[in-house]
Ligand SMILES: O=P(O)(O)OC[C@H]1O[C@H](OP(=O)(O)OP(=O)(O)O)[C@H](O)[C@@H]1O
Ligand SMILES: Oc1ncnc2c1N=NC2
Ligand SMILES: [Mg+2]
Ligand SMILES: [Mg+2]
């Protein structure tokens, strides 16, 4: 598997070193990956992905909502800039699928497919699934199972984060931004019960936050 950036166990910057939205200030333990580093790493992933599909004329990017939206937007923008500046003849279409399995800090074990956009036009296409984080791997396993039913030409996955956890089913994406230690991460599209998606950095929620926004 290609290299990725390992965020070591015990990492984390003091939140006082960054601008933090007031509404979240008391509910974060630390900043794991600042927004700038997230974007820098994403831009390199865009080049890695395009270098791995030299003869593909059209790529379908399948964004897994809701968590994947910020990473997918940043990744596709970087891919389009590269395609344009290198004068590559290629088109990218973005499609969306909504999968949900988390409640508070745990996977429910069931992956709910919400509002399935018709995936029939994935048949015969080269697909890149884009996710924010892979933890147990249940969501990605479900996504792959769903998509393969439509006989695509190829399927690869890009995930911003991979959690180093013994709960993992062992699935590893073809393209990966960072591996992160145990701990519930939030920000850059990643939520805790729909909170923190708008938080610009990847941070670790604290116990007060887990209580404050529990459902
Ligand atoms: O590998 P897993 O253990 O399945 O966890 C990873 C998945 O869980 C989260 O989605 P969530 O269910 O929170 O829905 P959301 O994307 O709308 O936040 C996250 O965005 C990934 O899709
Ligand atoms: O750490 C996490 N933070 C938010 N959402 C998810 C996480 N792991 N799987 C889903
Ligand atoms: Mg998700
Ligand atoms: Mg979520």
Springs between alpha-carbon pairs under 10 angstrom, Gaussian network model over the chain: which of 95, 87, 112 fluctuates most? 87
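If you take every DSSP beta bridge fully contained in the stretch 54-154, what fraction is antiparallel? Give it as a percent rounded to 5. Kindly include the intermediate steps, with their values, before the conclusion.
On the way: 5 of 19 bridges.
That works out to approximately 25 percent antiparallel.
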Residue 48 versus residue 172, label points 7 Å from Cα toward the beta carbon: distance in nm? 1.1 nm
Per-bin percent of Cα-Cα distances, the stretch 25-65 [5 Å]: 5, 15, 16, 18, 17, 12, 7, 5, 4, 1
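Have a look at the DSSP beta bridges in the chain and tell me what percent are antiparallel, nearest 5. All intermediate terms of the calculation are to be shown ahead of the outcome.
On the way: 14 of 42 bridges.
Bridges in the chain that DSSP calls antiparallel: roughly 35 percent.
Can you put 106, 168 in order, fewest other beta carbons within 10 Å first?
Details: 106 12, 168 15.
Lowest to highest Cβ neighbour count: 106, 168.
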Modelled FRET efficiency - R0 30 Å, residue 211 with residue 165, Cβ distances, 0.05 increments: 0.85
What angle do you read, to the nearest 10 degrees and between 0 and 90, between the alpha-carbon axis of helix 138-148 and the longest principal axis of the chain? 10 degrees
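Which order results if 121, 201 are arranged by neighbouring Cβ count within 10 Å, fewest first? Kindly include the intermediate steps, with their values, before the conclusion.
Values: 121 12, 201 23.
Least to most surrounded, the residues fall as 121, 201.
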Most fluctuating residue of 81, 197, 98 in a GNM of the chain with Cα springs under 10 Å: which is it? 81
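Explain nothing, just the number: relative contact order of the chain, from Cα pairs under 8 Å at least 6 residues apart, as a whole percent.
Details: 402 pairs, mean separation 59.6, N = 215.
With pairs under 8 Å counted, the relative contact order is 28 percent.
Could you work out how much longer the chain between residue 37 and residue 98 gets when fully extended? Use 0.36 nm per residue separation minus the Cα distance between them, nm to one decimal.
Details: separation 61, 0.36 × 61 = 21.96 nm, distance 2.67 nm.
Going from the current span to full extension adds 19.3 nm.
How big is the chain by the Kirkwood estimate over distinct Cα pairs, in Å?
It is 17.8 Å.
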Relative to the first principal axis of the alpha-carbon coordinates of the chain, what is the inclination of helix 69-85, with its axis defined by its Cα atoms, in degrees from 0 to 90 and to the nearest 10? 40 degrees
At a threshold of 8 angstrom on Cα-Cα distance, excluding pairs fewer than six apart, so keeping six or more, what relative contact order does the stretch 50-146 reach in percent? 39 percent
Taking the Cβ-Cβ separation of residue 107 and residue 87 as r and a Förster radius of 45 Å, what is the calculated FRET efficiency to the nearest 0.05? 0.55
Using the 2.2 N^0.38 Å rule of thumb for compact globular proteins, work out how the stretch 96-211 stacks up: its C-alpha Rg over that value, please. 1.10
With springs connecting C-alpha atoms under 10 Å apart, model the chain as a Gaussian network and identify which of 39, 167, 70 has the largest mean-square fluctuation. 167
Principal-axis tilt of helix 35-52 within the chain, Cα atoms, nearest 10 degrees: 20 degrees
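The numbers here are math on the coordinates, done by the rules we state, and not lab data. Just so we're clear, the structure is a prediction, and the values are computed from it rather than from any experiment. Positions of Cβ are generated from backbone atoms using ideal geometry, with glycine treated the same way; all protein chains shown enter the neighbour counts.
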